[in-house]
Amino acid sequence: DARVTQTPRDKVTEMGQEVTMRCQPILGHNTVFWYRQTMMQGLELLAYFRNRAPLDDSGMPKDRFSAEMPDATLATLKIQPSEPRDSAVYFCASRGEARNTIYFGEGSWLTVV
Amino acid sequence: RKEVEQDPGPFNVPEGATVAFNCTYSNSASQSFFWYRQDCRKEPKLLMSVYSSGNEDGRFTAQLNRASQYISLLIRDSKLSDSATYLCVVTSVNSGNTPLVFGKGTRLSVIA
């Protein structure tokens, strides 16, 4: 059963530390999304890639967040330095060509103290 | 105005009840519509797509009103296992280039 795989599942870190989250999209999916979910804001799109090219990262705070796709099987989201307000669930999702359905990973539950 | 708006609930209903959720969207260019379901501490999962003519999947019925920019989800004979958050989702064009925009979700608790 094909799945989007995310690591870490849970992360507690201190303010100021670097956090890197990784995502392996479903094999063959060419569009990858990073979403952040909080109680207050719901699911917010941070960035997305198509065929590894960044299409939109306007939802991401540029000073501390960066998203990359080093290859077709790996997407990364990095926060440096992390702040308590970054505490949230970060979901990666992927979609195949000419499809609208997206499939989410289990999420990375980040707590910055 | 938020792009996709939903009543956050919670909706607390007894087993067997019929419950309806509504959602409005602001972008008249929106083309594709979905309902996703999210369980506590889990990822969102596709429940059903919403078609212009309305569609049904077992106990679930989804409807779209383009003129009013409004989507609904009806759950009949609700089960305890239906307890979850239901997310209304829209995207602006029928292509692989556009991200999905999510509402904040409506929380449903089905009570025995």
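Overview of results
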quantity: Residues satisfying the stated conditions in region B:62-97, i.e. among the hydroxyl-bearing types (Ser, Thr, Tyr), under 21 Å from B:Ser26 (Cα atoms) and surrounded by fewer than 19 Cβ atoms within 10 Å (Cβ to Cβ); calculated: B:Ser68, B:Tyr70, B:Ser72, B:Ser92, B:Ser95
quantity: Flag for B:Thr61 being under 16 Å from B:Gln6 (Cβ atoms) and of a type outside the set (A, V, I, L, M, F, W, C); calculated: no
quantity: Residue check for A:Thr20: surrounded by fewer than 16 Cβ atoms within 10 Å (Cβ to Cβ), closer than 25 Å to B:Gln38 by Cα and in contact with a Pro (Cβ under 8 Å, 6 or more places away or on another chain); calculated: no
quantity: Hey, B:Ala29 farther than 27 Å from A:Phe33 by Cα and either small (Gly, Ala, Ser) or out of contact with any Asp or Glu (no Cβ under 8 Å at 6 or more places or on another chain) (or both) or not; calculated: no
quantity: A:Leu43 vs. criteria more than 11 Å from the chain's Cα centre (by Cα), in contact (Cβ under 8 Å) with a residue 12 or more places away in the chain, buried (at least 17 other Cβ atoms within 10 Å of the Cβ) and under 29 Å from B:Asp39 (Cβ atoms); calculated: yes
quantity: Residue within region A:37-53 that is more than 11 Å from chain B (Cβ to nearest Cβ) and at pLDDT 95 or above present; calculated: no
quantity: Strands (runs of 3 or more DSSP E) wholly inside region B:44-88 containing at least 1 residues that are of a type in the set (Val, Ile, Thr); calculated: B:44-50, B:60-65, B:70-75
quantity: Residues located in region A:76-98, provided they are facing chain B (nearest Cβ under 9 Å), surrounded by 15 or more Cβ atoms within 10 Å (Cβ to Cβ) and not hydrophobic (A, V, I, L, M, F, W, C); calculated: A:Arg95, A:Gly96
quantity: The one condition in (1) away from chain B (no Cβ under 14 Å); (2) out of contact with any helix residue (DSSP H, G or I) (no Cβ under 8 Å at 6 or more places or on another chain) that A:Val113 fails to fulfil; calculated: (2)
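Here is a yes/no grid of residues against (1) over 24 Å from A:Met40 (Cα atoms); (2) among the hydrophobic types (A, V, I, L, M, F, W, C); (3) more than 14 Å from every other protein chain (Cβ to nearest Cβ):
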site	(1), (2), (3)
B:Pro14	yes, no, yes
B:Cys23	no, yes, no
B:Ser26	no, no, yes
B:Ser32	yes, no, no
B:Trp35	no, yes, no
B:Leu46	no, yes, no
B:Ser53	yes, no, yes
B:Gly58	yes, no, yes
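The values are calculated or read from the model by the stated rules, or taken from the named source; none is laboratory data. What you see is a predicted model, and the numbers here were worked out from it, not measured in a lab. No Cβ is skipped: glycine too gets one built from the backbone with ideal geometry, and neighbour counts run over all protein chains shown.
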